[in-house]
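Remarks on the structure that follows.
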Amino acid sequence: MGSKITLSVIKADVGGFVGHGSVHPDMLKNAEEILEQQGKELLVDFFVTNVGDDINLILTHKEGINSEKVHKLAWNTFLSCTEVAKSLKMYGAGQDLLSDAFSGNIKGMGPGIAEMEFEERPSEPVIIFMADKTEPGAWNLPLYKIFADPFNTIGLVIDPKMHSGFCFEVLDLVEDKKVTFSCPEELYDLLIFLGASNRYVVKSVYTKNKEIAAVSSTQKMNQMAGRYVGKDDPVLIVRCQSGLPAVGEVLEPFANPHLVTGWMRGSHYGPLIPVSQKQAVPTRFDGPPRAIAMGFQLANGRLIGPQDLFADVAFDRARQKALKAADYIRQMGPFEPHRLPLDEMEYTTMPQVMEKLKNRFK
Ligand code: 13P
Ligand code: 13P
Ligand code: MG
Ligand code: MG
């Protein structure tokens, strides 16, 4: 325990209301009560919210990252919310909890997690992005724009404190290896990986002085379980200002919605719509995928906020554009590239259909 503060965002889908659309208010209330009671000694502050059917626990504490105590508290909170979900017969109650017993670290057990430890600055603005019906690779494009694209982030050009660039730590989800790129020097090397966002995902971004700037959740759940158990529906923490991108530079990539995987049955591409927390209820074709952005000022670990940053009318046109893209791509129905390639779908009938037809292939 030091003077440093840790910000942990831990999320799970433990039951959808209705279908995969949202979280029942009783479950959110339950999460708040558990954190209030069981987190009294441990936490500095907490905030509970949801995006679609995912519950997000935003926690501040002094225990550092990978704290068994903090992870266990989150696990117990999700277990308790699962009981509420079961009693209301919510859809897919306990969906993301892959194990019956807590093993010391919540990683690999189903819930998604992003956490960072840092010395709180004189003013510490942070943005927590949370998404539903998509995957960790959804943050690759925005993170590239925020921390490496001068057409997005003018600070890279005109702020002396940002001019030297940032380092990207990229995780290979298939081989479970990490590599770090120093940008702008290695931009083109970085992009060959980031463009393949189904396999390579940005785990974290650092300043050249090794100060943490951003961390994402990178669990890939359908691979962890070896079968469909829901998507990864990722979160992302970004620190802002004073040598880091301004809040507006961090939000700017979302003004131009990009296509991500994860829509309907985790098996389709769709546009990632930036929405207010109230609008984070995906219904059309169980989507389209959506992202919310909650801004906080930290004050000695207290979470002052949130500001619901995508509620701004300035994102209305992004929403319209995303809806147009949704109309367009939906016309393709079961055809690629709306539907994902065979090896990336979370559902498939291919083995059964193949078996049935095997004698008819000449
Ligand atoms: P800082 O350098 O204090 O982060 O200010 C940048 C800014 O907010 C301009 O929009
Ligand atoms: P979730 O992963 O958010 O539960 O969504 C399941 C799905 O694919 C709905 O179509
Ligand atoms: Mg669900
Ligand atoms: Mg979800």
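Give me the percent of the accessible area of the chain that comes from carbon and sulfur atoms, probe 1.4 Å, all protein chains in place.
That fraction is 54 percent.
So how much slack lies between residue 302 and residue 65, counting 0.36 nm per residue of separation and subtracting their Cα-Cα distance, in nm?
Roughly 83.6 nm would be gained on extension.
Two-decimal Rg/Rh of region 39-101 from alpha-carbon positions, Kirkwood Rh?
Over the Cα atoms of region 39-101, Rg/Rh equals 0.99.
Would you mind giving the three semi-axes, in whole Å and largest first, of the ellipsoid equivalent to the chain according to its Cα gyration tensor?
30, 26, 20
Which value in deg cm²/dmol, rounded to the nearest 500, describes the helix-derived mean residue ellipticity at 222 nm for the chain, given -39,500 (n - 2.57) per DSSP H run of n ≥ 4 and division by the residue count?
Only helices count here, giving -7000 deg cm²/dmol.
Residue-wise, which Karplus ³J(HN,Hα) couplings in Hz belong to region 88-98, taking 6.51 cos²θ - 1.76 cosθ + 1.60, θ = phi - 60°, and x for glycine or proline?
Using θ = phi - 60°, the values come out as 9, 6, 5, 6, x, 4, x, 2, 8, 8, 8 Hz.
Send over a whole-number figure in Å² for the accessible area per residue of the chain, probe 1.4 Å.
Roughly 45 Å² per residue, with all protein chains present.
Show the residues, 5+ positions off or on another chain, whose built amide H is closer than 5 Å to the amide H of residue 50.
Residues meeting the criterion, in which the H sits 1.01 Å from N, are 56.
Please give the contour-minus-distance gain from residue 313 to residue 105: 0.36 nm per residue of separation, less the Cα-Cα distance, rounded to one decimal in nm.
70.9 nm
Using every alpha carbon pair in region 162-224, what percent of pairs falls into each 10 Å bin from 0 up to the bin containing the largest distance?
With a bin width of 10 Å, the distribution comes to 22, 53, 22, 4.
Testing the spin-label approximation: label points 7 Å from Cα along Cα→Cβ at residue 186 and residue 33. State their distance in nm.
About 5.0 nm, to one decimal.
Show me, for region 175-185, the HN-Hα J-couplings you get by feeding each phi into the Karplus relation (A = 6.51, B = -1.76, C = 1.60, θ = phi - 60°), rounded to Hz, glycine and proline as x.
8, 6, 10, 10, 9, 10, 10, 9, 10, x, 3
Per residue of region 192-204, what does 6.51 cos²θ - 1.76 cosθ + 1.60 with θ = phi - 60° give for ³J(HN,Hα)? Whole Hz please, x for Gly and Pro, Karplus curve as stated.
5, 7, 4, x, 9, 6, 6, 10, 10, 10, 6, 8, 7
Only four residue types carry charge here, +1 at the Cβ of Lys and Arg and -1 at the Cβ of Asp and Glu. Report the dipole size of region 51-132 about the Cα centre in Debye, rounded to the nearest 20.
For this selection, approximately 260 debye.
Kindly provide the pair-distance distribution of region 241-333 built from C-alpha pairs, with 5 Å bins from 0 and whole-percent values in order of increasing distance.
Taking all Cα pairs of region 241-333, the binned fractions are 3, 13, 21, 22, 16, 11, 8, 5, 2, 0, 0 percent.
Show me the chymotrypsin sites (Phe, Trp or Tyr not before Pro) within region 46-85 that DSSP assigns to loop and that have at most 12 other Cβ atoms within 10 Å of their Cβ.
none
On a full-extension model of 0.36 nm per residue, what is the gain between residue 158 and residue 175, subtracting their alpha-carbon distance, rounded to one decimal in nm?
2.3 nm
For a quick check of your reading of the filter: which GluC sites (Glu not before Pro) in region 158-192 sit in a DSSP loop and have no more than 12 other Cβ atoms within 10 Å?
Those that pass, being in a loop and sparsely packed, are 175, 185.
Amide H of residue 340: which non-local residues (sequence gap of 5 or more, or other chain) have their own amide H closer than 5 Å, using H built in the peptide plane?
Sorted by chain and number, the residues that satisfy this are 268, 269.
Where in region 1-110 are there GluC sites (Glu not before Pro) that are in a DSSP coil and have at most 11 other Cβ atoms within 10 angstrom of their Cβ?
Of the GluC sites (Glu not before Pro), the ones in loops of region 1-110 whose Cβ has at most 11 other Cβ atoms within 10 Å are 41.
What residues qualify as long-range amide H neighbours of residue 64, i.e. H under 5 Å apart, gap of 5 or more or another chain, H built at 1.01 Å from N?
Here the answer is 6, since their amide H atoms fall under 5 Å of that of residue 64.
Points 7 angstrom from Cα along the Cβ direction at residue 332 and residue 86: gap in nanometres?
Simple spin-label model gives 4.1 nm for this pair.
The values are calculated or read from the model by the stated rules, or taken from the named source; none is laboratory data. Note that the structure is predicted; figures quoted are calculated from it, not measured. For neighbour counting, all protein chains shown are included, and Cβ atoms are generated from backbone atoms with ideal geometry for every residue, glycine included. The accessibility values were calculated without ligands, DNA or RNA, using every heavy atom of the protein model including side chains. Shrake-Rupley method; radii C 1.70, N 1.55, O 1.52, S 1.80 Å.
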